[in-house]
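The values are calculated or read from the model by the stated rules, or taken from the named source; none is laboratory data. None of these values were measured; they are calculated from a predicted model. Cβ sites come from the backbone with ideal geometry, for glycine too, and all protein chains shown count toward neighbours.
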Amino acid sequence: MSDIWRLSATELAQHIARRQLSSAEVVNAHLARIDAVNPALNAVVRVLAEEARAAADMADRRLAAGEAIGPLHGVPFTVKENIDMAGLPTTWGVTAFADAVVPIDAPVVERMRAAGAIPIGRTNLPDMALRLHTVSSLHGLTRNPWHPDRTAGGSSGGEAAAIASGMSPIGLGNDIGGSLRNPANACGIASIRPSFGRVPDADCGPAEGQLLAVQLMNVQGPMARRVADVRLGLRVLMGAHARDPWSIDAPFEGPSPRRPIRVAVIPEPPGGRTDPAVAATVRRAAHALADAGYEVEEIHPPRYEDAVSCWARLIMGDVRSMLGPLSQIMGADALGFLHRFDALVPVLPDPAAWSALLLERHAIARAWSLFMAERPLLLSPTWTQLPFVHGFDTANETGAAAAKELMRPVVPANLLGLPSACVPAGRDEETELPIGVLVTGSRFREDLCLEVAEAIETRLGVQTPIDPVGMQQAR
């Protein structure tokens, strides 16, 4: 079978289970694809060729012996380099952690292996995952496969670029401010930020605990080219784990909602400008959903701008406490963005301000919950502007402010612990860059989010994998 790397994770798993392909063939095809296109993109920063080939041979032997297999048996996957893998460094993209080898897998890696999947590479991220553009002081710049001069998004930018270009069919990222969805949008793939607690989040970091913002808003999740693969990945990853005290067991499918399901459509989110091409793509997606039987209405939830502001104050209030240590390990470019972003966010001066912030968060969550009781799904842009040129977000204060503004649709889900899926829904005519839309749902209704995302994908989806545009020039 030619071009094995073009197949989805679900298709690969089916072909392997039916013995139409061996895991060795699949792994070797993806390793060859990495060799062919990664020099142009710099998405995969550590190739696990020897380990992957050994695991593939073992997977083929187990299948031949008639052993029980998991839903991703023999399928390769990639892992963002701030997610722990036993025996490898969790670098967070910085030189200071280049040799920070960890003893055990993160729960999400553990579960992917248990499902039979085989890690083949580690992917790039910005320093400490604190930027929506992927350039690392340890590994350098990751390029967007659709346009070598535009950002691949962040912080899971290496993962998105690898998947979009066929180096990997499915991978793992994380999201405290859109980091699963920002790069999916920029690179034309699908992803989901699960509900808080749905997927366990634990690491072997230097501190035993986590910052408050991380405890409340960070999640781990899957990325893939097809919504069906995102759904499969989420089902593999979800469920309580002893290492994450806040993770829970919850059924994937909730009660059947009233039909037709009402979808609130937000083509031009409050709080800033929206590129007309982006707004038009959201409206086309809304028309596609109406065609699929959904009831769509242009309306936004209450306190939308308050939700965006509350997220920024919460995350930067925590990050400020770490600026001293971060300044010792982050590169100058990454620190420049962090300081410019910080300057845009009001300071929390005392414990009373922190208490008021958490009261505000609760009030916003209640307002959104009441709104979503009537309209359980929201459709919006992922970014309100097209992916920017490299360095735009850190060149000056204006660029940092524009980056903060364009990412505003992704952050309410982080603040409120909601599921939020990104799916490509079109391309910009002038730049040919993909445009993704966001489907956000009520807590633990990932099933409904992915149902809507799949309806959009079926009618409007952008086809990947692709050969990187300008591959020769970028080498």
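Before moving on, here are some points about what is shown:
- Any hit, segment 36-47, residues being touching a residue at least 12 places away in the same chain (Cβ under 8 Å), assigned to a helix (DSSP H, G or I), small (Gly, Ala, Ser) and crowded, with 21+ Cβ neighbours inside 10 Å: yes
- Subset of segment 172-192 that is part of a helix (DSSP H, G or I) and not basic (Lys, Arg) - its residue that is farthest from Ala115 (Cα to Cα): Ala186
- Check on Ala288, buried (at least 18 other Cβ atoms within 10 Å of the Cβ), assigned to a helix (DSSP H, G or I), among the small types (Gly, Ala, Ser) and out of contact with any Pro (no Cβ under 8 Å at 6 or more places or on another chain): yes
- Qualifying residue in segment 45-60 (condition: of a type in the set (Val, Ile, Thr) and under 26 Å from Asp333 (Cβ atoms)): yes
- Here Arg19 meets each of (1) touching a Phe, Trp or Tyr at 6+ places or on another chain (Cβ under 8 Å); (2) of a type in the set (D, E, K, R); (3) not in a helix (DSSP H, G or I) with one exception, condition (1).
- Of the residues Arg61, Arg111, the single one that is at pLDDT 95 or above, buried (at least 22 other Cβ atoms within 10 Å of the Cβ), of a type outside the set (Val, Ile, Thr) and in a helix (DSSP H, G or I) is Arg111.
- Against the conditions (1) in contact with a Lys or Arg (Cβ under 9 Å, 6 or more places away or on another chain); (2) aliphatic (A, V, I, L, M); (3) assigned to a loop (DSSP other than H, G, I, E, B), Ala395 satisfies every one except (1).
- Matching residues in segment 419-475 - criterion: being assigned to a strand (DSSP E or B), closer than 30 Å to Ala250 by Cβ and among the hydrophobic types (A, V, I, L, M, F, W, C): Ala421, Cys422, Val423, Ala425, Val437, Leu438, Val439
- Some residue of segment 362-380 being part of a helix (DSSP H, G or I), in contact (Cβ under 8 Å) with a residue 60 or more places away in the chain and closer than 29 Å to Arg143 by Cα: no
- Residue pairs whose Cβ atoms lie under 6 Å apart, sitting 6 or more positions apart in sequence or on different chains, and linking a residue in segment 428-439 that is surrounded by 18 or more Cβ atoms within 10 Å (Cβ to Cβ) to a partner that is among the polar types (S, T, N, Q), are Ile435/Thr281; Gly436/Asn185; Gly436/Thr382; Leu438/Ser380; Leu438/Thr382; Leu438/Ser420.
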